[in-house]
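The values are calculated or read from the model by the stated rules, or taken from the named source; none is laboratory data. Keep in mind that what you see is a predicted model, and the values were worked out from it rather than measured. All Cβ positions, glycine included, derive from the backbone under ideal geometry; neighbour counts span all protein chains shown. Note: accessible area is taken over every heavy atom of the protein model, side chains too, but ligands, DNA and RNA are not part of it. Shrake-Rupley method; radii C 1.70, N 1.55, O 1.52, S 1.80 Å.
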Amino acid sequence: GMGFNEPGQLPDGSGVLVTRPALVFAQVAHFDLSGGGALSMVDKADGSGRAAGRNFNADLADGTSINRSSLVPVASGGSAAGTGWYHGFWLRADGTALGAGVNAVGQLGDGTTNWAGTRAPVANGVTFADGGETHSLWLKQDGHEGWFYIYVSACIAVSLAVYLTMPDTRDKSRILED
């Protein structure tokens, strides 16, 4: 990791600017990781969640409001992590999204603008979560994912058929040169 590190979001223990790539997650078997504006989250292969960085408003949900420059345990039973600027999500294997942190404009998706200093369930059926400064995006499982893959496969098949049957395209293509 590299970049701004004042609140410790690059969990190397230093809390200072890092201008070249540096090992910041030593001895952590990663399953998923996410870096937001001022915090980082990592979900280990064993499902335990860790976080570091800005914690002024209990953004990390570790029970304190102390900035952390080293990874601290914050969740368990996870399968993925997603962060926004000062908020984040842990996704459990069962699809439950747990949110915590700043929620001034409803970015946690719990129907309120109350900030959450503890991880609380905010949605079910979520397969991916990520966020920006003041918003979040979720990908939910609703039973239609199979149709999406069929659609994408059909688009690829049609594109390939057009490529192979149009002599002008086939003769002038650089694809076959590689």
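For 135, 87, what's the largest-to-smallest order of accessible area, 1.4 Å probe?
Greatest to least solvent exposure: 135, 87.
Can you give the Rg and Dmax of the range 81-155 based on its C-alpha atoms, in angstrom?
Values for the range 81-155 (Cα only, Rg and Dmax): 13.8, 46 Å.
For residue 15, list long-range residues whose amide hydrogen, built 1.01 Å from N in the peptide plane, is under 5 Å from its own amide hydrogen.
Excluding prolines and chain starts, which carry no amide H, there are no hits.
Rounded to the nearest 0.05, what FRET efficiency do residue 18 and residue 153 give with R0 = 41 Å and r taken as the Cβ-Cβ distance? Could you check? Please report the intermediate quantities before stating the final value.
On the way: r = 42 Å, r/R0 = 1.03.
Once rounded, the FRET efficiency stands at 0.45.
What shape does the range 41-104 have by the C-alpha gyration tensor, where a ≥ b ≥ c are the square roots of the eigenvalues, rounded means a/c under 1.5, and otherwise prolate means a/b greater than b/c and oblate the rest?
Oblate, because a/c is 1.5 or more while a/b does not exceed b/c.
Determine ³J(HN,Hα), in whole Hz, for all residues of the range 115-122 in sequence, where each value follows from phi through the Karplus function 6.51 cos²θ - 1.76 cosθ + 1.60 and θ = phi - 60°; x replaces Gly and Pro.
With the stated coefficients, the range 115-122 comes to 6, 10, x, 10, 5, 10, x, 10 Hz.
List, in order, the whole-Hz ³J(HN,Hα) value for each residue of the range 37-52 obtained from phi through the Karplus relation with A = 6.51, B = -1.76, C = 1.60 and θ = phi - 60°; use x for Gly and Pro.
Listing the rounded values in order: x, 9, 8, 10, 10, 9, 10, 6, 4, 7, x, 8, x, 10, 8, 8 Hz.
For the range 74-90, take each phi angle, set θ = phi - 60°, evaluate the Karplus expression 6.51 cos²θ - 1.76 cosθ + 1.60, and give the result in whole Hz per residue in order, putting x for glycine and proline.
Whole-Hz 3J(HN,Hα) from phi for the range 74-90: 9, 7, 9, x, x, 10, 6, 9, x, 10, x, 5, 10, 9, x, 10, 10.
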